[in-house]
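First comes the structure, then the notes that go with it.
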Amino acid sequence: MIYFLTVNYYSANLISKLINSIHKTSNIDYKVIIINNSLDDCDIDNLKTESVLIFNAETNLGFGCACNLGLKWIYIQDPQAYIWIINPDAYLIDNTLDKVQPFFELHPEISILGTLIYTPTGEVWFAGGRFIAKSGAIITEKKLTNIDVNYVNCDWISGCSLIVNLNNFIECPHFDSAYFLYYEDVDFCLRYASQGHIVAINNFLVLHEPSSITNRNIFQKIRFSTYSYLLTIDKYTTKFIFNIRLFFQILKAILGIMLKPQAALGKICGIWDYVIKNCRN
């Protein structure tokens, strides 16, 4: 069984488009698991069917923790399933779903698989991620480096479209609950890669409408992303590199106060959140 796992935050219309794209492009069995982070979004209940299940979170858990609810439920039901974590503002355009099981039968060694992600205008939004520990650089590739092979190894994969092969996990994989939003996918991949799991990307294609949800509140977007960025740099680089990156985050916040005050304030609050929660001795 292939399970799609997505998180709702006032995005029932987008998830409806996602479900329709899955239904139109596949002839195999699947289920869509929706973790509802917005309890007063009544429209989401209209999407419930035999193949679409909705689980209500008690409060807005953020992306990673909401995904953890779905991951745990699916793992209990079928510990050998394929779980396709996908953003509510993403959707399929061809018979990609029919290719998932044959791909993993051919390459069972892969634990975490990413897909090519395009915008509706045809621009490449994500084609793999690299992490350079010596500098703390988190890089998003904009092209697949070798299209003549079935997959390319990566350091990290975007949580916008990420397939987990449960067959390779002796216990249920999970996102770090310290993350509310942003960079939890980087941490997820780096953490499991350090345990010997293979992280890769292939040419499965997904369309994505970038930031159609998070851009509703720029202040919160920058606040969460700044906090999560610093947390990731802290976990996977040296104290020296972290301090340099922290300095530049502070500098960007100061310089942005006049030009983009809402974003700058969000960055300042994100830095402050990090200092309060994770202050180094």
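The values are calculated or read from the model by the stated rules, or taken from the named source; none is laboratory data. Just so you know, these numbers come straight off a predicted model, no measurement behind them. For neighbour counting, all protein chains shown are included, and Cβ atoms are generated from backbone atoms with ideal geometry for every residue, glycine included.
What tally of residues in the range 114-133 results from selecting those that are part of a strand (DSSP E or B) and either in contact with a Phe, Trp or Tyr (Cβ under 7 Å, 6 or more places away or on another chain) or surrounded by fewer than 17 Cβ atoms within 10 Å (Cβ to Cβ) (or both)?
The first filter runs over the range 114-133 and keeps only residues part of a strand (DSSP E or B), leaving 114-118, 124-126, 129-132.
Okay, now just the ones that are also either in contact with a Phe, Trp or Tyr (Cβ under 7 Å, 6 or more places away or on another chain) or surrounded by fewer than 17 Cβ atoms within 10 Å (Cβ to Cβ) (or both), so 115-118, 124-125, 129-132.
Residues in the range 114-133 being part of a strand (DSSP E or B) and either in contact with a Phe, Trp or Tyr (Cβ under 7 Å, 6 or more places away or on another chain) or surrounded by fewer than 17 Cβ atoms within 10 Å (Cβ to Cβ) (or both): 10 in total.
Would you check if Asp187 is in contact with an Asp or Glu (Cβ under 9 Å, 6 or more places away or on another chain) and of a type in the set (D, E, K, R)? Against the criterion (in contact with an Asp or Glu (Cβ under 9 Å, 6 or more places away or on another chain) and of a type in the set (D, E, K, R)), Asp187 qualifies. Using the structure shown, decide if Gly159 is under 28 Å from Asn243 (Cα atoms), surrounded by 20 or more Cβ atoms within 10 Å (Cβ to Cβ) and in contact with a Ser or Thr (Cβ under 8 Å, 6 or more places away or on another chain). Taking the combined requirement at face value, the residue does not satisfy it. Scanning the range 9-66 for residues that are touching a helix residue (DSSP H, G or I) at 6+ places or on another chain (Cβ under 7 Å) and part of a loop (DSSP other than H, G, I, E, B) yields Thr25, Ser26, Asn27, Ile28, Asn37, Asp41, Ala57. Does the range 51-70 contain any residue that is among the charged types (D, E, K, R) and touching a residue at least 40 places away in the same chain (Cβ under 8 Å)? No, the range 51-70 contains no residue that is among the charged types (D, E, K, R) and touching a residue at least 40 places away in the same chain (Cβ under 8 Å).
The residues on offer are Ile276, Ile233, Ile257, Ile244, and the sole one that is modelled with pLDDT of 95 or more, among the aliphatic types (A, V, I, L, M), in a helix (DSSP H, G or I) and surrounded by fewer than 16 Cβ atoms within 10 Å (Cβ to Cβ) is Ile244. Asn167 fulfils the conditions (1) touching a Gly at 6+ places or on another chain (Cβ under 9 Å); (2) surrounded by fewer than 17 Cβ atoms within 10 Å (Cβ to Cβ); (3) not in a loop (DSSP other than H, G, I, E, B) except for a single criterion, (1). The combined condition, being of a type in the set (A, V, I, L, M, F, W, C) and without any contact (Cβ under 8 Å) to a residue 60 or more places away in the chain, is not fulfilled by Phe204.
Of all the numbered requirements in (1) touching a strand residue (DSSP E or B) at 6+ places or on another chain (Cβ under 7 Å); (2) not assigned by TED's automatic domain parsing to the domain that holds Trp73, Phe224 misses one, and that requirement is (1). Considering only the range 83-91, I want to know if a residue exists there that is in the same structural domain as Asp185 (by TED's automatic domain parsing), within 29 Å of Trp125 (Cα to Cα) and among the polar types (S, T, N, Q). Checking the range 83-91: at least one residue is in the same structural domain as Asp185 (by TED's automatic domain parsing), within 29 Å of Trp125 (Cα to Cα) and among the polar types (S, T, N, Q).
Within the range 157-179, residues that are over 20 Å from Ser225 (Cα atoms) and in the same structural domain as Gln77 (by TED's automatic domain parsing) have Cβ atoms under 9 Å from residues that are outside any strand (DSSP E or B) and of a type in the set (Ser, Thr, Tyr) in these pairs: Leu166/Tyr75; Phe169/Tyr75; Phe169/Tyr192; Glu171/Tyr75; Cys172/Tyr75; Pro173/Tyr75; Pro173/Tyr192, counting only partners at least 6 apart in sequence or on another chain. Across the range 97-113, which residue is surrounded by the fewest Cβ atoms within 10 Å (Cβ to Cβ) among those that are among the aliphatic types (A, V, I, L, M) and part of a strand (DSSP E or B)? Checked the range 97-113; the qualifying residue surrounded by the fewest Cβ atoms within 10 Å (Cβ to Cβ) is Ile110. The one condition from (1) over 16 Å from the mean Cα position of the chain (by Cα); (2) under 17 Å from Leu5 (Cα atoms) that Pro173 does not meet is (1). If you take the residues in the range 75-96 that are among the hydrophobic types (A, V, I, L, M, F, W, C) and surrounded by fewer than 23 Cβ atoms within 10 Å (Cβ to Cβ), which one is modelled with the lowest pLDDT? Of everything passing the filter in the range 75-96, Ile93 is modelled with the lowest pLDDT. Only a single item in (1) in a helix (DSSP H, G or I); (2) under 30 Å from Tyr91 (Cα atoms); (3) touching a helix residue (DSSP H, G or I) at 6+ places or on another chain (Cβ under 9 Å); (4) modelled with pLDDT of 95 or more is not met by Cys189, and it is number (3).
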